[in-house]
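Below is one structure, written out as structure tokens; comments come after it.
The values are calculated or read from the model by the stated rules, or taken from the named source; none is laboratory data. Please read these numbers as outputs of a predicted model, since none were measured by experiment. Note: ideal-geometry Cβ built from the backbone for every residue, glycine included; neighbour counts use all protein chains shown. SASA here: full protein model, heavy atoms, side chains in, ligands and nucleic acids out. Shrake-Rupley method; radii C 1.70, N 1.55, O 1.52, S 1.80 Å.
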Amino acid sequence: MFRRDPIPPGEAIEILLDGAPFTARRGDTVANALLAGGITRFRDSVVSGAPRAPYCLMGTCFECLVTIDGTPNRQACLVTVEAGMRIERQSGAPSMLPESKA
Amino acid sequence: METHDITVIGGGLVGSALALGLAEAGQRVLVLDGEDLARRASRANFGLVWVSGKGLGAPDYARWSFESARLWPGFARDLEARSGVSLALDQPGGYSFALSPQELDGIVTDMTRITEETGGDGAPWRLVPRAELEREIPGIGPDVAGAVHGSADGHLNALRLFHALHRAGAAAGVTYRARHTVSHIEPGAESFRLRGDWGEITTPRVVLAAGTATEALAPMVGLAAPLKHSRGQIVVTERVSGRLPFLSAIIRQTDEGSVMIGDSDEGDTEALSGNPEIAALLGARAIRVYPALARLNVVRSWTGFRVKPRDGIPIYGQSTSCPGAYVVLCHSGVTLAAQHALRIAPQIAAGAAQIGPSAFSSARFHVPA
Amino acid sequence: MSPQIPEAAELVIIGAGPAGMAAAIEARAAGTEVLLLDETSAAGGQIWRAVGTAPEARKTLLGKEYAAGAALVSEFAACGAQHVSGVSVWGVMPDENGRLRIGVRHNCAARLIEARAVILATGAQERPLPVPGWTLPGVMGAGAAQIALKSGGLLPEGRCVLAGVGPLLYLLADQFLRAGIIPAALVETPSPHRRTALTHLPGFLRAPTFRKGAGLMARVRRKVPVIAGAEALEVRGDSKAKALRYKRGGAWQEIEADLVLLHAGVVPSLHLSVAAGVPTRWNDVLRCFEPETDELGATAIAGLYIAGDGAGIGGAERALPSGRRAAQAALEHLGHNIDPARRDAARKDWHKADLGRAFIDRWFAPPPALLAPRGDTLACRCEEVTAGAIREAARLGAPGPNQLKTYLRCGMGPCQGRMCAASITEIMAEETGRTPAELGHLRFRTPVRPLSLGELAQLPAGENARRAVLGDAELPDTPLPLPPRAR
């Protein structure tokens, strides 16, 4: 979907995406880092589980919600990456209460 | 406008449940409802089908609420079938938590009194000491001293109840007219004339179920419905997966996954916008009850104005000076919806002089001339 | 840029875009203490996003108007206003004593700031364009793609199609061309107001935007296939966008696309002002609600002002004098005397920047049909409520959109109606024959941006609040049991 323009980007920093090493650039928002790294699906929606990705990149649409360092539902377009940051993609509503008994 | 047998003023949970019951009883029903941004308790409520603690000093109210809770499963099944809307009724019993031994004593004293006053036919409940609570609710907060558990308490999706009543009403032939705020009622010999900005209609019979607006309308037909001013505030979290392992009157999880946290009571404000200090305290109390809630994001808060009769007890009745005019007013539009549709509406349809328990009669507010 | 937020300030400005920066500079010139809060990491707003740190080569690529923002960012940085970035403002709450309290979240803590005057300079949001398939990955706003370019140097990869209406489509296409990206197509939907736009042409011809815009459009048309007069749009794909379909002259055509960039102009951000209690009015040309303000930006709430696009769309050029005028009004409220010459200069600059606006508004207006989806198309993306369900519920006779929200939960998700409020009103208008002005819009409430319950719970509370929540009971005086703080 996206690639970086040829202008030299900020220094490379390592983050974790779903537990695997992922390269971002200093100064990136989490959303830009993921888009530049070829990620098209940011999460699965809460009601139907459909794939979703950022629509607005300005904090309006709440489609870019990811778990950052263990905190679910952070807006990836408003958070700047930091080395070692743990990003997890979410499937449905985040689990923050005991799982229900079947 | 086509002919109707009876007009219900108010299209909230009380008015819609009555309208559905009246249509079931063969009446041609017209509902006149207000504006989109009118004060609507039905869009701001907490969704409890709740019995515990209700009717202190008023055993008829305790019995009436308990009976409604028992009517609810059948009523819900029927309403879901008619409307195609799922209500997510769940009646697992509910906790009333205490954050100090004194608070627990207070709850137990009140519950004991209600049991005594109802002669034992009130809802069953039990004291849950701290040690037992830890077993029943893993993750309960360290500050919780204990709780009372009422076995009749439950909850449902109140937004969908509202939707279901409107859909089932439409299917049963109820005519619903929004943006028809009634500002005047003139009783005539054979009928009532209802007026508003929109125009006027005449109706053979009329039911006042207009929530907080009822207080001003009731005297126009010789009824009294004095209210106590009460603003409540609620905060709501994002949807989360997993289930809150308990139901209480101040914390509940909707079937969609949001957690609702209430509530407050202010008697002296007309303001619509929420108070951040109240929201903070609601949050603090909820976190002390169940600390895992601290991580959830709050996405919305709202205030609503309760429909609270001055003495807390429902006001039901037919006017003696203007027969054919009824009032149905209460705080518990969700809990009592089953009673309203299944018991009260048929009595109104039949023209009963008193509807519901006589202790609820509007006449109790009449000052002898 | 201090990370500390004071508990009170004379004047608080929310938003570091053109209007907010201009307001801050104006207020500082009068010697007033200014606290400016902004959600992003650097001043500039969306229009000059990252202009302070962008490499020269990217500024060249983005064009002169973008690069020009750097001067204002520098002037703002030197003006002496306290600028705190990375702050999310979740409410401006007037209380019954006439105080304005601002609810903020910063570094994972919630705070209340008291201000004697507040200027909302929160700008615009891109108007959602709810066409079938708009929730697929690979579909986003043209404004979003431009933000990705400004803030991260991201360019489309694969086939990119721009669709909808608005000058931004041409501006972005031109920026892509400079970067060597040739969009596969620019599909334009017709404005319903083109005829009346022509009566405003003389003003536009005198406006600086005319020459700039005409050159831009000519450059784009030379390189990019521009398809005008599309009556309907639709994105195809299963798990991501594969093609844009458009209907023209009654027939559907399809263009393969990896990235579909939709646009239909921008609309004022309303959440903070509406939640604060500012009434709105309907703008029938721009088809959006705007907060009610006077010409300086004063609202019905004493001490609360709105500047820039947040008060009504006028673009960055008009946002600058709008910010100065709102600052002057706020300064007057704070007891300053405003130099009449200064006031006059700001007014003249505002009108100069407004030249051509009447034409642009009408020439690039969105077709109403595109804003009122049907069938299975999601109107509410968060709660996944279809347009068809909203239409069906509207036929039950609801008095307005807030009752539809009660029926269906549309507008109750995390975005709080930012993406669906307009569609709900548009759909209801179509179904009921009533105008959007009559119907109104969803009521927005605090917190307009999320904060955790634990953060909220740590705000201080006074005696009245205690009585309202706890009655005679008390909370234990032990510390709140809170989880460890997140980053």
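Tabulated values for the structure
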{"read-out": "10 Å Cβ neighbours from other chains, averaged over peptide B:263-274", "value": "4"}
{"read-out": "Highest-first arrangement of B:105-113, C:109-117, B:183-191, where packing means the average Cβ count within 10 Å", "value": "C:109-117, B:105-113, B:183-191"}
{"read-out": "Listed peptides C:140-149, B:244-253, B:356-365 by packing density, highest first (mean Cβ within 10 Å)", "value": "C:140-149, B:244-253, B:356-365"}
{"read-out": "Neighbouring partner chain Cβ atoms per residue of B:338-346, average, 10 Å criterion", "value": "0"}
{"read-out": "Inter-label distance, nm, simple model (7 Å from Cα along the C-beta direction), residue C:437/residue C:341", "value": "4.2"}
{"read-out": "Between the range C:321-399 and the range C:65-129, the alpha-carbon center distance in angstrom", "value": "18"}
{"read-out": "Distance-filtered residues of the range C:144-184 - backbone nitrogen under 13 Å, label point 7 angstrom along residue C:223 Cα→Cβ", "value": "C:156, C:170-184"}
{"read-out": "Two-decimal ratio, chain C, of alpha-carbon radius of gyration to 2.2 N^0.38 Å", "value": "0.99"}
{"read-out": "Inter-chain Cβ neighbour average for residues C:391-403, partner chain, 10 Å", "value": "5"}
{"read-out": "Nearest-10 value in Å² for the accessible area of residue A:78, using the 1.4 Å probe", "value": "50"}
{"read-out": "Segment residue C:182-residue C:292, extension gain: residue separation times 0.36 nm, minus the distance between their alpha carbons", "value": "35.4 nm"}
{"read-out": "Over chain B: Kirkwood hydrodynamic radius from C-alpha pairwise inverse distances, Å", "value": "21.2"}
{"read-out": "Of every Cα-Cα pair in the range B:60-114, the percent that sits beyond 12 Å", "value": "75"}
{"read-out": "Stretchable slack from residue C:60 to residue C:77, in nm (0.36 nm times residue separation minus alpha-carbon distance)", "value": "3.9 nm"}
{"read-out": "Whole-number percent relative contact order across chain B, with pairs defined as alpha carbons under 8 Å at least 6 apart", "value": "24"}
{"read-out": "Average projection area in nm² (convex hull over Cα atoms of the range B:101-217, one quarter of hull surface)", "value": "13.1"}
{"read-out": "Beta bridges per DSSP with both ends in chain B, % antiparallel, nearest 5", "value": "70"}
{"read-out": "Per-selection Kirkwood Rh - the range A:27-91 (Cα, Å, 1 d.p.)", "value": "11.6"}
{"read-out": "Residue C:482 paired with residue B:130, simple spin-label distance in nm, labels 7 Å along Cα-to-beta-carbon", "value": "2.4"}
{"read-out": "Nonlocal amide H pairs with residue C:234, under 5 Å, H built at 1.01 Å", "value": "C:245"}
{"read-out": "In degrees, nearest ten, helix B:101-117 long axis to first principal axis of chain B (Cα)", "value": "40"}
{"read-out": "Dimensionless Rg ratio for the range C:158-249, taking C-alpha atoms and the 2.2 N^0.38 Å reference", "value": "1.21"}
{"read-out": "Degrees between helix B:59-83 axis and first principal axis of chain B (Cα, 0 to 90, nearest 10)", "value": "80"}
{"read-out": "Three semi-axes of the equivalent ellipsoid, the range B:94-151, Cα gyration tensor, whole Å, largest first", "value": "22, 12, 7"}
{"read-out": "Per residue accessible area in Å² of chain C, where ligands, DNA and RNA are left out and the probe is 1.4 Å", "value": "37"}
{"read-out": "Helical contribution to [θ] at 222 nm, DSSP H n ≥ 4, -39,500 (n - 2.57), averaged over the protein assembly as shown, rounded to 500", "value": "-8500 deg cm²/dmol"}
{"read-out": "Calculated log₁₀ intensity ratio I(q)/I(0) where the Debye formula runs over C-alpha points of the protein assembly as shown, q = 0.05 Å⁻¹", "value": "-0.31"}
{"read-out": "Entries in C:150/C:247; C:59/C:212; B:228/C:405; C:59/C:348; C:64/C:348 that, when Cα-Cα distance is taken, lie over 21 Å", "value": "C:150/C:247; B:228/C:405; C:59/C:348; C:64/C:348"}
{"read-out": "Of all DSSP beta bridges in chain C, antiparallel share, percent nearest 5", "value": "50"}
{"read-out": "Label-reachable residues, the range A:24-59, where backbone N falls under 15 Å from a point 7 Å from residue B:241's Cα toward its Cβ", "value": "A:43-52"}
{"read-out": "Rounded D (µm²/s) - the range B:231-305, Kirkwood Rh over Cα pairs, Stokes-Einstein at 37 °C, 0.692 mPa s", "value": "260"}
{"read-out": "In range of the label at residue A:99: residues from the range B:236-254 whose backbone nitrogen is under 11 Å from the point 7 Å along Cα→Cβ", "value": "B:242"}
{"read-out": "Label-point separation, residue C:70 to residue B:272 (7 Å along Cα→Cβ), nm", "value": "4.8"}
